[in-house]
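Comments concern the structure below.
The values are calculated or read from the model by the stated rules, or taken from the named source; none is laboratory data. This structure is a prediction, so every number in the text was calculated from the model and none was measured. Glycine gets a Cβ as well: all are built from the backbone with ideal geometry, and neighbour counts include every protein chain shown. Heavy atoms of the whole protein, side chains included, go into the accessibility calculation; ligands, DNA and RNA do not. Shrake-Rupley method; radii C 1.70, N 1.55, O 1.52, S 1.80 Å.
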Amino acid sequence: MPAARILQEVCAAETREVALDEHDRPLAVRLTRLTEDRPVRTGQQVTGRLHTISLGQGGGFVNLDDHGGEAFLRLQEGHGLTEGQSLDLRVAAEPREGSKLARVALAGKAPAPGAPDLWDAPEVMQVDPGDPTVAMAFDMAISDNVNLPGGGNITLERTRALVAVDVDTSGRTETGRAATRALKVNLDAAAELARQIRLRNLGGIIVMDCVSPLNREAGKQVRDRFNTVFRQISSQRVRALLPSDLGLLEASVEWAETPIAERLLAPSGAKSSRTICFDGFRLLEQEARARRMDRLCLDLPGHALDWLNRDGPLLRQSLAQKYGDRFTYDSTDPKSPVVFTVP
């Protein structure tokens, strides 16, 4: 199921895109930045040299050409490849934090059929910098809590081993039998979880703690709801089990893109210096469009200004080329970026 429409926010230093469903719920986000080093992308055709075969680890290790780094290639007995051999490859999964290498497949091996590309939407709308719907989608993609349509929320916590999901019924006003109420919230949570996995580019083991009581038939409905929604919006392989006796719905989702949180957040979970700079440049561009003759100053947190001075000259150049050389950059160490007029 492709998205109903796409919002595209083109700024001088970055482009942010959001794929929305027919109810204007965000399904996926895309981010392109001037200064972000992303050596490979899912689906990209690359070349490389197989330097080590280790069937005990399930495959071999490849050095990718054009500074693409190292990647892992799954292999089986009788693969017929030799160490040192040059290969044509397709990127199956991007690298992740924790020294998780990119994963590649032989270029002649077609990917498994899946859902249509979400980005093949019939309508692409250009929006202004700072568009609230785009901002909401990117905020949602890194938020711990997500509200459910019928009330309540789910909380997603990513650990090194898995993504743990808690379901909270606070705010729901349904009446009736406890089992009926539990089924409704679990169905809502399963559908929302499927959308959040796609939106956040998550994979690996997912465990959702369902609301009780939950019998086998209700558990089957919850699992099927998760599978149905996920397969409509993602081509990643997924396998979900019936909830356990403890009410845990377990799913395994194939990794594909780097999680959006890894691109926006520091290891501490706060926004990275890079992200704060881009937030500031988006705000600066909004003000530059509104006040076309004014000289403006972008006031950044100290660590963000340090990053800008060290790694962000292209950001300054791109904004000056688009709006003129009328910007300065400083820090009074505010908590978030601020723009003001320079007398």
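Before moving on, here are some points about what is shown:
- Any chance ALA191 is aliphatic (A, V, I, L, M) and modelled with pLDDT under 95: no
- Of ASP294, ASP279, all but one fail to be over 29 Å from ALA28 (Cβ atoms), touching a residue at least 12 places away in the same chain (Cβ under 8 Å) and either not in a loop (DSSP other than H, G, I, E, B) or not basic (Lys, Arg) (or both); the exception is ASP294.
- The set of residues in segment 16-37 being without any contact (Cβ under 8 Å) to a residue 60 or more places away in the chain and more than 22 Å from ARG195 (Cα to Cα) consists of ASP37 alone.
- Exclusive hit being surrounded by 17 or more Cβ atoms within 10 Å (Cβ to Cβ) and modelled with pLDDT under 95, set ARG96, ARG74, ARG38: ARG96
- Of all residue pairs spaced 6 or more apart or on separate chains, those with beta-carbon atoms under 9 Å, a first member in segment 61-88 that is in contact (Cβ under 8 Å) with a residue 40 or more places away in the chain and a second member that is surrounded by 11 or more Cβ atoms within 10 Å (Cβ to Cβ) and among the aromatic types (Phe, Trp, Tyr) are PHE61/PHE72; VAL62/PHE72.
- Considering segment 243-263, and only residues there that are of a type in the set (A, V, I, L, M, F, W, C) and crowded, with 19+ Cβ neighbours inside 10 Å, the residue that is farthest from GLU97 (Cα to Cα) turns out to be LEU249.
- Once segment 170-225 is narrowed to residues that are part of a loop (DSSP other than H, G, I, E, B) and basic (Lys, Arg), the residue that is farthest from the chain's Cα centre (by Cα) is ARG177.
- Residues (more than 24 Å from ASP311 (Cβ to Cβ), outside any strand (DSSP E or B) and touching a strand residue (DSSP E or B) at 6+ places or on another chain (Cβ under 8 Å)) located in segment 3-24: ALA3, ALA4, ASP21
- Counted as qualifying within segment 25-106 are the strands (runs of 3 or more DSSP E) with 1 or more residues that are in contact with an Asp or Glu (Cβ under 6 Å, 6 or more places away or on another chain) and among the aliphatic types (A, V, I, L, M), namely 26-33, 45-54, 102-106.
- ALA240 being within 28 Å of GLY98 (Cβ to Cβ), at pLDDT 95 or above, buried (at least 19 other Cβ atoms within 10 Å of the Cβ) and over 18 Å from the mean Cα position of the chain (by Cα): yes
- Only one of the numbered conditions (1) within 30 Å of TYR329 (Cα to Cα); (2) part of a helix (DSSP H, G or I) is not met by GLY269, and that is (2).
- Test: residue in segment 22-29 that is modelled with pLDDT under 95, at negative phi and over 18 Å from the mean Cα position of the chain (by Cα): yes
- Criterion applied to THR180, THR175, THR159 was being more than 21 Å from ALA240 (Cβ to Cβ), open to solvent by less than 80 Å² (accessible area, probe 1.4 Å) and among the hydroxyl-bearing types (Ser, Thr, Tyr), and the one residue passing it is THR180.
- Summed over segment 304-323, the residues that are small (Gly, Ala, Ser), more than 13 Å from THR275 (Cα to Cα) and surrounded by 17 or more Cβ atoms within 10 Å (Cβ to Cβ) give a count of 1.
- Residue within segment 118-133 that is open to solvent by 70 Å² or more (accessible area, probe 1.4 Å), at pLDDT below 85 and of a type in the set (Gly, Ala, Ser) present: no
- So GLY68, is it of a type outside the set (Lys, Arg) and either within 30 Å of ASP168 (Cβ to Cβ) or crowded, with 16+ Cβ neighbours inside 10 Å (or both): yes
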